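Notes follow once the structure below has been shown.
The values are calculated or read from the model by the stated rules, or taken from the named source; none is laboratory data. If you're wondering where the values come from, they're calculated on a predicted model, not measured in any experiment. Glycine gets a Cβ as well: all are built from the backbone with ideal geometry, and neighbour counts include every protein chain shown.
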Amino acid sequence: MTAVGMDTSAQSTPAGPAVGRPPALSARVRRPVLAVAAATAAGLALLASFPPYGLWWLAPIGVALLTVAVHGRRVPVGLGLGALTGAVFFTPLLHWTNTQAGWLPWLLLSGLQAAYIGLLGAAIAYSAPLTRRWPALLAPVTALLWVAQEALRDRTPFGGFPWARLAFSQADSPVLRLAVLGGAPVVTFAVALAGGLLAAGVLAGARRAVGVHVLGVVGLVGLAAVVPTAHPAGRTVRVAFVQGNVPRLGLDFNAQRQQVLRNHVDGTETLARKVAAGQAPRPDLVIWPENASDVDPVDDPTAGDQITRAARAIGAPILVGSLLEGPGDHVRNVGLVWLPQGGPVDTYVKRHPVPFAEYVPLRSVARLVTTKVDLVRADFLPGDRAGVLRVGPASVGDVICFEVAYDNLVRDTVTGGGELIVTQTNNATFDPDEAGQQLAMVRLRAVEHGRDAMMVSTVGISGFVTADGRVHGATAFNTPAAEVRELTLSRTRTLATRLGAGPEYVLLAAATVALAGAALVRRSPRSAAAGNNLYSEGEV
């Protein structure tokens, strides 16, 4: 009997293994139970490559395991095995979405993300006739399809959810350096290419082939390790951040009116006393996190006075994360430039509010999933310009919370004149795992654009990131903290900054060509021939 789920569009009838010999590795991996095991292991390997585990080298192994599991199977089987990998990967990775919203939204989000990996599995299965005929294409086609899957997931639905891209698992990897050439899509391509090489070695069915392909992976990582990162060459500024902490973690972190604001005022004044005592250098600018002011300081004079008092104490402008009421019944998530003399002088409005958290599409349907959507009493309005703000001596490229995951939203701040990348975030409704995953994105952005960067959170993790991706002064979670560091400003543009989405579009075009080629091969009379199969199809 032929193995369950085998793709018969390009089958051959080669002789089976010799009597008395165990089946070749390439034949054994065709067994359904091993395919399910490989798909499950793929999800676990991908999970462990991300924070809090950070075993970046497992990411290509996860890619390889999924490729081996689905290659040569029927497209529906590839879809199912890919979805299994996605479920094993995303469900525990996104557990932090369950901390406040409940288990059903968490499982729905995880299931939606898993469906994209399912589509990837189906695409790899569909392309198998092409990569059987030309085995050298297996690794690049696998990599191209990973990039295509992420591009789709980054944009759909409701503007997409670019969390857990392969590139974001590589913060401690030499492969991170490739971000300077083409951003996250190029890093993802390299990781998936390494995984495709490993899969090709396994499917070739010979130990020598496995060794050759492993050497190829080592060579790929070695080449990435010598790619130079950018070095900012501008003037230096002293930047401080204040992590004021919140009265309680959770959706009601701001239930005590103005307490979050008072925490950040107190933290800034404490830092000012250290400066006066010579225990810390005086900063040129201060960054507060998203929602550091839990009331509208423009509308509430008391709140505004407190921020002015803090700015005067430290003697520097403060970039304040806050909410502004209006227009109408709406709210805006903003970064406000607040001067010691003169108050607010410039504003960045978050351009990508989070669906079901900052605005609720299909509210009546969403309420059937969880009544906590009613905590979003007013939908947030998006801004219409990049977050480039003059804060004292620096032009700051500001992104708020999840915006750091979106390539275009970060790049716009750099091309708009941002000399320093700042991510203001509020992790009070999540946990340290989510914060660590977000910090990994900041590290990639610093390398991608050759900019010093920082992430500032209400509760942590906050820290400085230099343009080589290294973290400095990282704080603990759920604790007050304030740090000052000298950072270098830059106006130079890396290749990735100049090219923008160009590399991703080229890779997407190549993925389209690969799928079209697979379609032609599947329709070709030669697709029934056996001579060019990558592996022999054993029986179970």
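Would you check which residues across the range 83-109 are more than 24 Å from Arg73 (Cβ to Cβ) and either within 18 Å of the chain's Cα centre (by Cα) or not assigned by TED's automatic domain parsing to the domain that holds Ala59 (or both) and list them?
Within the range 83-109, the subset more than 24 Å from Arg73 (Cβ to Cβ) is 92-109.
Result: Pro92, Leu93, Leu94, His95, Trp96, Thr97, Trp106, Leu109.
Determine the pairs where a residue that is over 21 Å from Leu389 (Cα atoms), located within the range 313-328, has a partner that is outside any loop (DSSP other than H, G, I, E, B) with Cβ atoms under 7 Å apart, the partner being 6 or more residues away or on another chain.
Ala313/Thr268; Ala313/Glu269; Ala313/Ala272
Quick one: which of Val422, Val399 is modelled with pLDDT of 95 or more, out of contact with any helix residue (DSSP H, G or I) (no Cβ under 8 Å at 6 or more places or on another chain), under 26 Å from Val265 (Cβ atoms) and assigned to a strand (DSSP E or B)? Let's see the steps before the verdict.
On the way: Val399 fails: out of contact with any helix residue (DSSP H, G or I) (no Cβ under 8 Å at 6 or more places or on another chain).
Just a single option satisfies the conditions, and that option is Val422.
Checking the structure you have, find out if any residue of the range 352-363 is at pLDDT 95 or above, surrounded by 15 or more Cβ atoms within 10 Å (Cβ to Cβ), part of a strand (DSSP E or B) and outside the structural domain of Phe161 (by TED's automatic domain parsing).
No: the range 352-363 contains no residue that is at pLDDT 95 or above, surrounded by 15 or more Cβ atoms within 10 Å (Cβ to Cβ), part of a strand (DSSP E or B) and outside the structural domain of Phe161 (by TED's automatic domain parsing).
Take the range 341-351 and flag every residue that is buried (at least 18 other Cβ atoms within 10 Å of the Cβ) and out of contact with any strand residue (DSSP E or B) (no Cβ under 8 Å at 6 or more places or on another chain).
Passing the criteria: only Arg351.
Answer with yes or no whether Ala311 is more than 31 Å from the chain's Cα centre (by Cα), surrounded by 20 or more Cβ atoms within 10 Å (Cβ to Cβ) and small (Gly, Ala, Ser).
Values: more than 31 Å from the chain's Cα centre (by Cα): yes; surrounded by 20 or more Cβ atoms within 10 Å (Cβ to Cβ): yes; small (Gly, Ala, Ser): yes.
Answer is yes for this residue.
Assess whether Ala316 counts as being part of a helix (DSSP H, G or I), in the same structural domain as Val265 (by TED's automatic domain parsing) and among the small types (Gly, Ala, Ser).
On the way: part of a helix (DSSP H, G or I): no; in the same structural domain as Val265 (by TED's automatic domain parsing): yes; among the small types (Gly, Ala, Ser): yes.
Spelling it out, it is not the case that Ala316 is part of a helix (DSSP H, G or I), in the same structural domain as Val265 (by TED's automatic domain parsing) and among the small types (Gly, Ala, Ser).
Any idea which of Asp296, Asp266 is surrounded by 15 or more Cβ atoms within 10 Å (Cβ to Cβ) and either in contact with a strand residue (DSSP E or B) (Cβ under 8 Å, 6 or more places away or on another chain) or of a type in the set (A, V, I, L, M, F, W, C) (or both)?
Numbers: Asp266 fails: either in contact with a strand residue (DSSP E or B) (Cβ under 8 Å, 6 or more places away or on another chain) or of a type in the set (A, V, I, L, M, F, W, C) (or both).
Asp296 is the lone residue from the list that is surrounded by 15 or more Cβ atoms within 10 Å (Cβ to Cβ) and either in contact with a strand residue (DSSP E or B) (Cβ under 8 Å, 6 or more places away or on another chain) or of a type in the set (A, V, I, L, M, F, W, C) (or both).
Name the helices (runs of 4 or more DSSP H) wholly within the range 165-278 that hold at least 1 residues that are under 28 Å from the mean Cα position of the chain (by Cα), touching a residue at least 24 places away in the same chain (Cβ under 8 Å) and within 30 Å of Arg153 (Cα to Cα)?
Values: elements: 179-204, 207-225, 259-276.
Helices (runs of 4 or more DSSP H) meeting the threshold: 179-204, 207-225.
Could you tell me which numbered condition Phe158 fails, if it satisfies all but one of (1) closer than 18 Å to Val410 by Cβ; (2) modelled with pLDDT under 95?
With respect to (1) closer than 18 Å to Val410 by Cβ; (2) modelled with pLDDT under 95, Phe158 is out only on (1).
Condition (residue is farther than 30 Å from Phe464 by Cα, in the same structural domain as Pro52 (by TED's automatic domain parsing), buried (at least 24 other Cβ atoms within 10 Å of the Cβ) and aliphatic (A, V, I, L, M)) applied to the range 182-190: is it met by at least one residue? Show your work before the answer.
As a first pass, look at the range 182-190 and keep what is farther than 30 Å from Phe464 by Cα: none.
There is no residue in the range 182-190 that is farther than 30 Å from Phe464 by Cα, in the same structural domain as Pro52 (by TED's automatic domain parsing), buried (at least 24 other Cβ atoms within 10 Å of the Cβ) and aliphatic (A, V, I, L, M).
Scan the range 218-236 and tell me whether some residue there is among the charged types (D, E, K, R) and either over 30 Å from Gln341 (Cβ atoms) or surrounded by 15 or more Cβ atoms within 10 Å (Cβ to Cβ) (or both). Spell out how you get there, then give the answer.
Just the residues of the range 218-236 that are among the charged types (D, E, K, R), to begin with: 235.
Narrowing the set further to residues that are either over 30 Å from Gln341 (Cβ atoms) or surrounded by 15 or more Cβ atoms within 10 Å (Cβ to Cβ) (or both) leaves none.
No, the range 218-236 contains no residue that is among the charged types (D, E, K, R) and either over 30 Å from Gln341 (Cβ atoms) or surrounded by 15 or more Cβ atoms within 10 Å (Cβ to Cβ) (or both).
One line per residue, one yes/no per condition, for (1) buried (at least 23 other Cβ atoms within 10 Å of the Cβ); (2) closer than 24 Å to Ser490 by Cβ; (3) without any contact (Cβ under 8 Å) to a residue 12 or more places away in the chain; (4) among the basic types (Lys, Arg):
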| position | (1), (2), (3), (4) |
| --- | --- |
| Ala428 | yes, no, no, no |
| Asp433 | no, no, no, no |
| Gln438 | yes, yes, no, no |
| Leu444 | yes, yes, no, no |
| Arg451 | yes, yes, no, yes |
| Thr458 | yes, no, no, no |
| Phe464 | yes, yes, no, no |
| Ala467 | yes, yes, no, no |
| Ala474 | no, yes, no, no |
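Please state which of the following conditions Thr479 fails to meet, knowing it meets all the rest: (1) polar (S, T, N, Q); (2) in a loop (DSSP other than H, G, I, E, B); (3) modelled with pLDDT of 95 or more.
Tallying (1) polar (S, T, N, Q); (2) in a loop (DSSP other than H, G, I, E, B); (3) modelled with pLDDT of 95 or more, Thr479 fails exactly one: (3).
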